[in-house]
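Peer 1: Submitted below is the structure of interest, expressed as structure tokens.
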Amino acid sequence: MSQSPVPLPFIDGLRDAANLRLPGSGRAWLDTARRENLEAFVAGGLPDTRAEAWKYTALRALGQRRFALGDPAATAHSIDPHTLILPGVEGPRLVFVNGVFRADLSRLEALPAGLSLQPLSQVLEQDPEPLRFALSRHYREAGDAFARLNAALAGDGVVLRVAAGARINKPVQICFVGAPAQGDLAWHVRNVIEVGEGAKLGLVEHHLYNTPHKHLGTLVSDIVLQNDASLQHVLLQNAAEESTLIRHGSLHLGARSQAALHVLELGGALVRHDLHAELHGDEARLDTRGVFVLRGRQHVDTQLSIRHQALNTASESIWRGVADERSRGVFRGAIVVAEGADGTDASLNNKNLLLSALAEIDTKPELEIYADEVKAAHGATIGQLDERALFYLRSRGLPQAEARALLTTAFCRAVFASLPNETLRDHFSEALLAHLP
Amino acid sequence: MLKIENLHARVEGKDILKGLNLTVNPGEVHAIMGPNGAGKSTLGNVLSGRDGYEVTAGSVIFEGRDLLALEPEERAAAGVFLAFQYPVEIPGVNNTYFLRAALNAQRKQRGESELDSMQFLKLVREKLKIMQISDELLHRAVNEGFSGGEKKRNEIFQMAVLEPKLAMLDETDSGLDIDALKQVAQGVNALRSPDRAFLVITHYQRLLDYIEPDFVHVLADGRIVESGDKTLALKLEEQGYAWVAERDPAEERT
């Protein structure tokens, strides 16, 4: 990591960060963790494209920008509550505007038995001790710069626990809303989620905005599934067109636990999504499904890494990428089967569609196997719409744009077929269609 | 309805149609026969507007409009339909959904109201009865995993729902056994009407045993070299295409 003699505007903008009063400030261990992470971030700077994990995503332009450290008006922005409604999602809701919890927009009354759901800002002021382990973590990898920054500055987020054996039938919705502030803002959100032994949780994560803005958001999310737990996680990313979003998720799966993740990435100018999953207990199972649909000059980089490290674990990943106009998509899917993880069954399938000669998609499936008796398959393709199919549809009367949209949605369909919430599935199709140019 | 004059067309730099003349009136069934490479499929593709077919001379007037100036979807909305020789498989697109989208797209272009799903379902049920095909095909993805016969029947079924004015069948008989051929022909015959014309493009005479043409044209080297009634097809069947190869273009029928 090189450090410029004149600090980048991005780093210079953090000069006063050490004196920032954040929720929980004043607790020695938390202050120390925040300070050390901030120092590490400033010393390391933003990763450049020499770091393997950032090979296809240049941050030079971001480094030249300066972001405000907080939005004093975050609790005052007027947000139309209707925009928060997702069809088929009617459970408890936690809403953050520019990274700050908004009680007035949230729905936390009458939580089902076994569900504990609180904003991090509250937990930090009341009793942060149970989060000490999670929040004291140090991120050492060069590519983890944003996780460091997040650890240094996050003051809010979701703290969610499902008690052992509890089944939360209505999915919990967590919303991250961007709103224009005084200049460009950087907000940082930290989620700590635990699904207890034998418990069941549905989680819908929704990124949206009310009026266009150019903020930077970082989100670090740790999810732990205890033995026999199950999780349905849906992520709809429809952030503001010119915003930057860096999401760093980790998922820990205990024995016989099951997690299914469905991702639809539509918004943002620069979006980076890292997901690290560890199949830690025997017979754990992970299904990931994802689609990005890009237009304009959007740049979306998805980095999926799945580590099998117990007996008879399974993972199946199906991802689709669509890039139109001058957009660029990046997908890296890495599967590691650790030594001794016999009986692993892992597959990764990534197909991409270029809708324009100026669009670009880079895909990199990786497979590392250190165990015997493993079933593993991976494949990636990049192609264009089938001209014959396009003509067939047009010859039946569908205008060119409609024919392209029909074929593009069909291309993405395999990803959402397994989404159990049918209403939400239809909404995904519509959102996807609406995003096509 | 359709008037083709002196049509010249080129594919990949090679001249295929070299001065084709043909007039089709409502209600008529015209068979276009000819040896391989004569330009039969090119004719269907040029008329439906496929990319890669360059018209170098001549004109095609359909219902008073310059057909060659229209996009494929505009030709469809104007009433031109091509039953493909090789119908395309489209995974992930449901057959019913596709057909309703196509019909409504055509209706929209013509300034007609779109059909809601109930109205469309009613229409589909009527057409299924006429075509005698099972509604199981409707629930599958367009042509995906269909047998050869199912694909061709699906083409005719689409034709029944879209109700074109000019229906072109491109080698619809190819790859069909006799039972499938009969079913397809039955479907076509059910759609014959005084307002609808057919252009049946075929290499073999056997399809014409079941779809009786009013006119038979022989296409050779990019031109119609002989025109007649259905007995011409029988003559071709007996004598092969060799005897027409050397002939001059037939006189234009008006």
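Since every read-out is calculated from the coordinates, none of them should be taken as a lab result. Remember, it's a predicted structure, so these values are computed and weren't measured experimentally. Backbone-built Cβ (ideal geometry, glycine too); neighbour counts: all protein chains shown.
Peer 1: Partner chain Cβ atoms within 10 Å, averaged over the residues of A:381-394 - can you pull that number for me? It would help to have the intermediate numbers written out before the result.
Peer 2: Working: counts 0, 0, 0, 0, 0, 4, 4, 7, 7, 4, 10, 12, 11, 12.
Rounded to a whole number, the mean comes out at 5.
Peer 1: Which helices of chain A meet both criteria: a Cα extent of 15 Å or more along the helical axis and a mean Kyte-Doolittle score no lower than -1.0, with helices taken as whole DSSP H segments? Don't skip to the answer; put the middle values down first.
Peer 2: Working: long enough: A:28-44 (24 Å, -0.19); A:400-416 (24 Å, 0.68); A:422-435 (20 Å, -0.36).
Within chain A the helices that satisfy the rule are A:28-44, A:400-416, A:422-435.
Peer 1: To the nearest 0.05, what FRET efficiency results for A:Glu36 and A:Lys170 with a Förster distance of 35 Å applied to their C-beta separation?
Peer 2: 0.30
Peer 1: Hey, fewest Cβ within 10 Å first, where do A:Trp319, A:Trp187, B:Trp243, A:Trp54 land in order?
Peer 2: B:Trp243, A:Trp54, A:Trp319, A:Trp187
Peer 1: On a 0 to 90 degree scale, rounded to 10, what angle separates helix B:178-191 from the longest Cα axis of chain B?
Peer 2: 80
Peer 1: Listing B:Leu123, A:Leu225 from the residue with the fewest other Cβ atoms within 10 Å to the one with the most, what is the order?
Peer 2: Listing B:Leu123, A:Leu225 from fewest to most nearby Cβ atoms yields B:Leu123, A:Leu225.
Peer 1: Roughly what angle does helix B:230-239 make with the longest principal axis of chain B, taking Cα atoms, 0 to 90 degrees, to the nearest 10?
Peer 2: Value to nearest ten degrees: 60.
Peer 1: Once you keep just the Cα pairs under 8 angstrom separated by 6 or more residues, what percentage relative contact order results for chain A?
Peer 2: 10
Peer 1: Shifting gears a bit: Using alpha carbon centroids, what distance separates the stretch A:122-182 and the stretch A:1-69, in Å?
Peer 2: The two parts, judged by their Cα centres, are 19 Å apart.
Peer 1: Measuring from centroid to centroid over Cα atoms, what is the spacing of the stretch B:1-44 and the stretch A:282-303 in Å?
Peer 2: One Cα centre to the other: 50 Å.
Peer 1: Right, another one. Sum -39500 (n - 2.57) across every DSSP H segment of at least 4 residues in chain A, then divide by the residue count to get the 222 nm mean residue ellipticity, nearest 500. Don't jump to the answer; show the numbers that get you there.
Peer 2: Details: 9 runs with 85 residues, N = 437.
Dividing the helical sum by the residues of chain A leaves -5500 deg cm²/dmol.
Peer 1: Could you tell me how far the Cα centroid of the stretch B:58-75 sits from the Cα centroid of the stretch B:159-194, in Å?
Peer 2: Centre-to-centre (Cα) distance: 23 Å.
Peer 1: Given 20 Å bins starting at zero, what is the percent of C-alpha pairs of the protein assembly as shown in each, up to the one with the largest pair distance?
Peer 2: 16, 39, 25, 16, 3, 0
Peer 1: If all Cα-Cα distances of chain B are sorted into 5 Å bins from 0 onward, what percent lands in each bin, rounded to whole numbers?
Peer 2: The percentages, shortest bin first, are 1, 6, 13, 18, 20, 17, 13, 7, 4, 1, 0, 0.
Peer 1: Report, in degrees rounded to the nearest 10, the 0 to 90 angle that the Cα long axis of helix B:95-109 makes with the longest principal axis of chain B.
Peer 2: Helix B:95-109 sits roughly 70 degrees off the main axis of chain B.
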